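A.B. asks: This is the structure I want to talk about, given as structure tokens.
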Amino acid sequence: MAVRHHLIRRPPHAVWAVLADPVRYGEWVVGPSESTPLDQAWPEVGSRIRYTVRLGPWSADGVTTVRHGETGGALHNVTTEALLQLRHRGMLARLARVVEQQHEETRHT
């Protein structure tokens, strides 16, 4: 299973607040450019978010539904591991930026 480490210089509750906010999903997940909650229970099983993926002038909408609270370890192999490492590197850097920026904005208000 792909494992990456990235130091986020904020307390754990600040990180979890961003992870649990469906509106912020598009800010830190690589791929979606924006997201909207369809249910208030995100990220509980059964909850959904709508997202938009943009590539140049094209865009596509989709919906993500939480089906399980388990990892997809059985799907991993050398190829998916390499792709996940690349994706996770960018995603963790984006998550750190969002959390650290939010924490700074909160401190100054």
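A.B. asks: Select, from 42, 58, 28, the only residue that is within 20 Å of residue 97 (Cβ to Cβ) and at pLDDT 80 or above.
C.D. replies: Result: 28 is the single residue among 42, 58, 28 that is within 20 Å of residue 97 (Cβ to Cβ) and at pLDDT 80 or above.
A.B. asks: Still on this structure, please answer the following. Take the residues of the stretch 75-91 that are hydrophobic (A, V, I, L, M, F, W, C) and under 24 Å from residue 48 (Cβ atoms): which is modelled with the highest pLDDT? Steps first, answer last, please.
C.D. replies: Initial filter on the stretch 75-91 (hydrophobic (A, V, I, L, M, F, W, C)): 75, 78, 82-84, 86, 91.
If we keep only those that are under 24 Å from residue 48 (Cβ atoms) as well, we get 75, 84, 91.
On the way: 75: 62, 84: 71, 91: 80.
So the residue we want is 91.
A.B. asks: Here's a follow-up. Would you pick out the residues in the stretch 20-30 that are within 19 Å of residue 88 (Cα to Cα) and either in contact with a helix residue (DSSP H, G or I) (Cβ under 8 Å, 6 or more places away or on another chain) or β-branched (Val, Ile, Thr) (or both)?
C.D. replies: 24, 27, 28, 29, 30
A.B. asks: If I ask for residues that are open to solvent by 40 Å² or more (accessible area, probe 1.4 Å) and of a type in the set (A, V, I, L, M, F, W, C), which ones from the stretch 20-34 would you list?
C.D. replies: 20, 23, 30
A.B. asks: Kindly indicate whether residue 70 is at pLDDT below 75, charged (D, E, K, R) and open to solvent by 50 Å² or more (accessible area, probe 1.4 Å). Steps first, please.
C.D. replies: Numbers: at pLDDT below 75: yes; charged (D, E, K, R): yes; open to solvent by 50 Å² or more (accessible area, probe 1.4 Å): yes.
Yes; evaluated as a whole, the condition is true for this residue.
A.B. asks: Write out, first by first residue and then by second, each pair whose Cβ atoms fall under 7 Å of each other, whose residues are 6+ apart or on separate chains, and whose first residue, in the stretch 19-38, is farther than 10 Å from residue 51 by Cα while the second is at pLDDT below 85 and part of a loop (DSSP other than H, G, I, E, B).
C.D. replies: Short answer, once both residue conditions are applied: 20/42; 20/43.
The values are calculated or read from the model by the stated rules, or taken from the named source; none is laboratory data. Small disclaimer: the values here were computed from a predicted structure and weren't measured. Neighbour counts are summed over all protein chains in view; Cβ atoms, including those assigned to glycine, are modelled from backbone coordinates with ideal geometry. For the accessible areas, the whole protein counts, side chains as well, though only heavy atoms, and no ligand, DNA or RNA atoms are used. Shrake-Rupley method; radii C 1.70, N 1.55, O 1.52, S 1.80 Å.
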